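First, the structure itself, so that you have it in front of you.
The values are calculated or read from the model by the stated rules, or taken from the named source; none is laboratory data. Given the structure is predicted, the values throughout are model-derived calculations rather than measurements. With ideal geometry, Cβ positions are generated from the backbone for all residues, glycine too; neighbour counts draw on all protein chains shown.
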Amino acid sequence: MNNIRGTLFMVLAMAAFALEDMFFKSAVQTIPVGQALILFGLGGMLVFMILSMAKREKIIHPQITAPPLIIRSACELLGRLFFALAIAYTPLSSASAILQATPLFVALGAIFFFKESVGWHRWAGIILGFAGVLLILRPGLSGFEAASLFAVLGTLGFAGRDLATRAAPMTMSNRQLGIYGFFILFLAGVILSVWHGISFVVPELTVWFKLLATIAAGVVAYNALTIAMRTGEISVVAPFRYTRLVFAMILGAIVFSERPDGLTLLGSAIVVTSGCYIVLRERKTRKQ
């Protein structure tokens with residue numbers, strides 16, 4: 001029963017993340033990316049602060065300066081910053097496809113940083129997944145988009161965040177982590193605004209609606225993901241992360257009229273297949 005509940009929450013989280021990306025991409029067509037990140041981060045922080053205060057939790061947790069949490073925050077800052085740029089300047093479907101390589105980078109990082117021993121099966125899955133990413137990027141070919149490298153850098157940041165999470169303090173609640181997670185979004189927006197030259201505009205009413213929808217989707221996604229990862233077995237629940245790509249491609253086609261070409265679809269399928277293979281292989285290895 002826990003696995004079913006965890007799976008349902010994971011699918012809900014991925015659908016909400018896809019909606020978050022869609023509303024954000026739509027909003028930044030009218031306002032600067034940095035400004036959108038600042039408003040998104042502030043809105044999410046406010047929601048989680050209210051939730052924390054309702055539970056009588058400390059807004060500033062004593063473990064906030066713990067080295068693993070600082071590393072996690074730095075990696076998330078890079079991930080949020082570059083992935084926001086990827087969403088803004090590349091098709092939603094291709095950015096989301098590259099993001100699905102995060103588990104591959106996590107697996108590779110676990111080998112080098114945590115000295116995990118792996119066999120040729122896992123190495124084959126990692127190499128195959130990277131081949132899929134290259135098919136999506138197509139470096140050196142006419143279909144190559146330099147802005148797609150933002151998605152790769154964002155994926156590396158999120159992988160570093162996931163690796164650092166292994167050593168993060170377990171005493172912090174989902175709500176407290178949410179506060180700091182959205183603070184990172186705010187900080188990413190400030191950095192991007194300063195880098196591009198501060199230039200804010202007064203959003204129209206429709207843009208405010210899109211930003212509020214982005215915040216709502218982000219809060220739902222963050223909570224659902226945390227519940228999913230703490231409810232079912234990770235080896236069962238984790239593969240359903242890839243449903244985000246399905247939702248993203250559907251929304252990209254309906255809202256932005258995106259039509260991924262054959263190489264993008266093939267690369268996406270390879271990345272998803274290799275990621276699922278690694279997760280299932282790891283589960284099998286642990287049972288032996």
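Conditions (1) among the aromatic types (Phe, Trp, Tyr); (2) surrounded by 18 or more Cβ atoms within 10 Å (Cβ to Cβ); (3) under 15 Å from Ala213 (Cα atoms); (4) in contact with a strand residue (DSSP E or B) (Cβ under 7 Å, 6 or more places away or on another chain), marked per residue:
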position	(1), (2), (3), (4)
Val47	no, yes, yes, no
Leu51	no, yes, no, no
Lys58	no, no, no, no
Pro62	no, no, no, no
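A quick yes/no check of all residues on (1) modelled with pLDDT of 90 or more; (2) buried (at least 21 other Cβ atoms within 10 Å of the Cβ); (3) within 22 Å of Gly157 (Cα to Cα):
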site: Thr7; (1), (2), (3): no, no, no
site: Ala18; (1), (2), (3): yes, yes, yes
site: Leu42; (1), (2), (3): yes, no, yes
site: Lys55; (1), (2), (3): no, no, no
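Pull out all pairs, ordered by first then second residue, where Cβ-Cβ is under 8 Å, the residues are six or more apart or on different chains, the first lies in the range 247-275 and is under 15 Å from Ile136 (Cα atoms) and at pLDDT below 90, and the second is of a type in the set (D, E, K, R) and surrounded by 14 or more Cβ atoms within 10 Å (Cβ to Cβ).
Taking only residues 6 or more apart or on different chains, the pairs are Leu263/Arg138.
Pull up the range 24-66, narrow it to residues that are part of a helix (DSSP H, G or I) and without any contact (Cβ under 8 Å) to a residue 12 or more places away in the chain, then point me to the one that is farthest from Gly160 (Cα to Cα).
Residue satisfying both the conditions and the ranking: Ala54.
Contact list please: Cβ distance under 9 Å, first residue in the range 198-224 and at pLDDT below 85, second residue basic (Lys, Arg), pairs at least six apart or on different chains.
Taking only residues 6 or more apart or on different chains, the pairs are Asn223/Arg175.
Taking interchain pairs and intrachain pairs at least six residues apart, which have beta carbon atoms under 6 angstrom, with the first residue in the range 92-110 and within 17 Å of Ala253 (Cα to Cα) and the second outside any helix (DSSP H, G or I) and modelled with pLDDT of 80 or more?
Every condition considered, the pairs that remain are Ser93/Glu258; Ser93/Pro260.
Would you say Ala146 is at pLDDT 80 or above and either over 24 Å from Phe82 (Cα atoms) or not in a helix (DSSP H, G or I) (or both)?
Judged against the criteria, Ala146 is not a match.
I want to confirm something. Restricting to the range 158-197 and keeping residues that are assigned to a helix (DSSP H, G or I) and of a type in the set (Val, Ile, Thr), which single residue is modelled with the lowest pLDDT?
Thr165
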